[in-house]
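A quick write-up on the structure given underneath.
The values are calculated or read from the model by the stated rules, or taken from the named source; none is laboratory data. It should be emphasised that the depicted structure is a prediction, and the values quoted were computed from it without experimental measurement. Glycine gets a Cβ as well: all are built from the backbone with ideal geometry, and neighbour counts include every protein chain shown.
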Amino acid sequence: MIARRLVVRGRVQGVNYRGWVQDRARARGVMGWAENRADGTVDVWLQGAPDDVVAVERAVGEGPSHARVEGVETSDVHPRGDLDGFARR
C-alpha cells in the first residue's frame, strides 16, 4: 500500500472537481479525500494499491473537461490507518 498527497492548482473549485476525483478513486478502491483549500487549490489524499493510486493520480492531473488543471504538486506520505473509503470534504 502506498499513499500520496497532491495539491492541485488551476480552475478546480466550483466545477465539481472533488466529486469527479471521488468517483475515480472509488472505482479503483482508493481511499482518501479531496478537499477545497482557501487558496483555491484542492488537497487530495490517495491511498491504496500502487497501480490504483497511480491511475487515480494520472486522472487528477488531467481533470474533467469543465476544469482546468494547471499543476499538481505530489508528495509521498505514510499511509494512514484511519481511512475508510474516499470522502469529498
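Here's a check for you: in the range 58-73, which residue that is in a strand (DSSP E or B) and either in contact with an Asp or Glu (Cβ under 7 Å, 6 or more places away or on another chain) or of a type in the set (A, V, I, L, M, F, W, C) (or both) is farthest from Ile2 (Cα to Cα)? Filtering the range 58-73 for residues that are in a strand (DSSP E or B) and either in contact with an Asp or Glu (Cβ under 7 Å, 6 or more places away or on another chain) or of a type in the set (A, V, I, L, M, F, W, C) (or both), the one farthest from Ile2 (Cα to Cα) comes out as Val69.
Whenever a residue of the range 2-23 is more than 23 Å from Val77 (Cβ to Cβ), its partners that are modelled with pLDDT under 95, lying with C-beta atoms within less than 6 angstrom and at least six residues away or across chains, give the pairs Val15/His66. When you scan the range 39-57, do you find a residue that is hydroxyl-bearing (Ser, Thr, Tyr), in a loop (DSSP other than H, G, I, E, B), in contact with a strand residue (DSSP E or B) (Cβ under 8 Å, 6 or more places away or on another chain) and surrounded by 16 or more Cβ atoms within 10 Å (Cβ to Cβ), even just one? Checked against the condition, which is being hydroxyl-bearing (Ser, Thr, Tyr), in a loop (DSSP other than H, G, I, E, B), in contact with a strand residue (DSSP E or B) (Cβ under 8 Å, 6 or more places away or on another chain) and surrounded by 16 or more Cβ atoms within 10 Å (Cβ to Cβ), the range 39-57 yields at least one hit.
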